[in-house]
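Have a look at the structure below before the remarks.
We did not get these values from a lab; they are worked out from the coordinates using the rules stated. Note that this is a predicted model, so its numbers are computed, not measured. Cβ placement follows ideal geometry from the backbone for every residue including glycine, while neighbour counts extend to all protein chains displayed.
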Amino acid sequence: MKAELYPADAGAPQPLVIEPMIQADLTAVLQIEALSFTTTWPANAFSNEIRDNKLAHYFTGRLGDAIVAYGGIWVILEDSHITTIAVHPDQRGRKLGEEMLLKLLDEAITQGASWITLEVRESNDYAQRLYRKYGFTTVSTRRGYYSDNGENALVMWAGNLKGELYAARLRALRTALDAEIAQRPATPPG
Ligand SMILES: CC(C)(COP(=O)(O)OP(=O)(O)OC[C@H]1O[C@@H](n2cnc3c(N)ncnc32)[C@H](O)[C@@H]1OP(=O)(O)O)[C@@H](O)C(=O)NCCC(=O)NCCS
């Protein structure tokens with residue numbers, strides 16, 4: 001009885017379990033999508049990506065049974081593109097987005113990419129910080145790219161992904177991230 005009331009691992013950090021996105025994930029993915037973006041992808045956009053697009057690699061991240069994060073890339077030979085990444089708003093700031101980004105970078109490299117690019121809203125400071133941490137720099141601005149409010153997109157880019165310098169950067173970031181994950185409380189604060 002005591003063990004049931006106070007399970008030994010009650011406060012233990014939960015790992016984010018990242019797996020390829022499947023059709024059955026889409027209800028949860030669409031909920032996070034709606035909470036994360038002003039212009040959202042419809043269900044069939046995700047369906048087409050995971051079913052038909054051979055260049056696409058999409059993942060979901062779970063804590064326990066709950067999908068809390070997702071992300072996707074396209075890889076075309078040496079070129080890769082992060083198409084989306086999001087974390088449930090209740091779970092942000094707990095390094096889950098960083099874990100997902102690292103997975104996307106690993107996948108891009110595994111699939112043979114040497115560089116990676118993405119678009120991000122000029123106002124999306126948190127996402128830009130995350131990308132800069134992983135070596136992305138802004139290479140251009142697409143004026144009025146977002147149709148909902150005419151906001152500019154920054155085009156960010158990281159290169160030489162298969163080089164030793166970038167591999168060392170990823171190793172150092174992964175070590176730091178692992179240490180932070182080990183300290184991550186099982187449930188978000190508040
Ligand atoms: C961007 C997003 C995926 C980040 O996920 P997250 O789990 O909240 O972020 P993490 O806890 O993993 O933070 C990792 C890094 O991101 C940056 N960051 C994230 N949240 C931040 C915040 N509140 N303040 C400052 N930096 C922040 C930091 O660089 C941070 O690393 P650091 O703490 O070592 O400085 C998440 O905010 C999100 O889903 N936003 C809505 C969707 C979106 O904008 N997607 C990107 C489209 S381009």
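A compact table of results
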quantity	calculated
The range 2-182: relative contact order as a whole-number percent, Cα under 8 Å and 6+ apart	17
Within the chain: Cβ-based charge dipole about Cα centre, in debye rounded to nearest 20 (Lys, Arg +1; Asp, Glu -1)	440
Note, ³J(HN,Hα) from phi for the range 164-179, Karplus 6.51, -1.76, 1.60, rounded to Hz, x at Gly and Pro	5, 4, 6, 4, 5, 4, 5, 4, 5, 5, 5, 5, 5, 5, 4, 5
Angle in degrees between helix 96-110 and the longest Cα principal axis of the chain, rounded to the nearest 10	50
Spatial separation of Cα centroids for the range 134-160 and the range 80-120, in angstrom	15
0 to 90° range, to nearest 10: angle between helix 43-52 axis and the chain longest Cα axis	80
Shape category assigned to the range 101-190 from the gyration tensor of Cα positions, a/c cut at 1.5	oblate
Listed residues F136, P185, Y126: farthest to the positive end of the dipole of the range 114-190 (Cβ charges)	F136
Relative packing of 27-39, 80-92, which averages over residues the other C-beta atoms within 10 Å, highest first	80-92, 27-39
Charged-residue dipole, Cβ positions (Lys, Arg, Asp, Glu), the range 18-67 about Cα centre, Debye nearest 20	80
Overall Cα dimensions of the range 2-182 - principal axes, largest extent first, Å	60, 39, 32
Net charge dipole size for the range 99-190 [Lys, Arg +1 and Asp, Glu -1 on Cβ; Debye, nearest 20]	220
